[in-house]
Amino acid sequence: TPLDIAPLALADADIALDFGELDVAGLPFKDVSATIALKGGVLLADPVRAQLPGGPVELRASLDSTAPGVPVALRLRAPGLSMRPLLERLGRTEDVTGTLSLDADLTAAGRSPHAWAASATGHLAAAIVDGSIDNAVLAPPFSGVLRVAHLSPDLMFGPGRSHLRCAA
């Protein structure tokens with residue numbers, strides 16, 4: 001569904017937000033701060049900072065309602081999120097530990113989230129370091145490939161844990 005972005009050209013604003021805690025989709029963000037500016041139809045949120053259960057996150061987002069194609073940009077940095085508290089807060093029971101680093105720098109264009117997803121370019125990187133994962137979590141995603149190769153999942157994923165020095 002296209003978003004009505006016409007109102008962005010009607011006013012200018014400078015907003016500073018600070019929240020002790022903000023719940024987004026069941027995930028508590030603490031120490032949230034955001035600087036948001038709207039000038040001449042260009043919306044900029046920079047910086048947006050928060051503390052997740054597993055560590056810090058920083059975001060920069062922009063949307064230019066005056067430019068052809070309505071360009072949007074998103075930069076996300078989360079250099080060291082502890083996996084276990086993050087998964088617990090998301091209600092996930094997978095036994096995964098380690099430090100997750102996220103880095104995204106994406107641009108897109110369009111008037112809807114669907115158009116943004118379809119036109120997104122840039123980079124998105126995720127890495128887990130110094131972690132471990134229960135082999136029962138690893139087996140299902142790989143079982144089809146192993147079955148085609150006539151290999152038993154137990155051959156690669158027996159009982160126990162797999163250690164992740166770095167998975168990116």
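Taking all Cα pairs closer than 8 Å and separated by 6 or more residues, the relative contact order of region 1-158 comes to 15 percent. The distance between label points at Ala13 and Leu76 comes to 2.4 nm (points 7 Å beyond Cα on the Cα→Cβ vector).
Listed values for region 15-27 are Karplus-derived 3J(HN,Hα) couplings in whole Hz (6.51 cos²θ - 1.76 cosθ + 1.60, θ = phi - 60°), namely 10, 10, 10, 9, 10, x, 8, 9, 9, 10, 6, x, 9, and x replaces Gly and Pro. Relative to the globular-protein estimate of 2.2 N^0.38 Å, the Cα radius of gyration of region 29-162 stands at 1.39. Ranked by the mean number of other Cβ atoms within 10 Å of their residues, highest first, the peptides 26-36, 50-60 come out as 50-60, 26-36. With a cut-off of 10 Å between beta carbons, the residues surrounding Arg161 carry a summed charge of -2, where Lys and Arg count +1 and Asp and Glu -1. How many angstrom separate the Cα center of region 1-49 from the Cα center of region 53-125? That distance is 15 Å.
FYI, it's all coordinate maths here, none of it is from the lab. Fair warning: this is a prediction, and the values are worked out from it, not measured in the lab. Neighbour counts run over all protein chains shown; Cβ positions are idealised from the backbone, glycine included.
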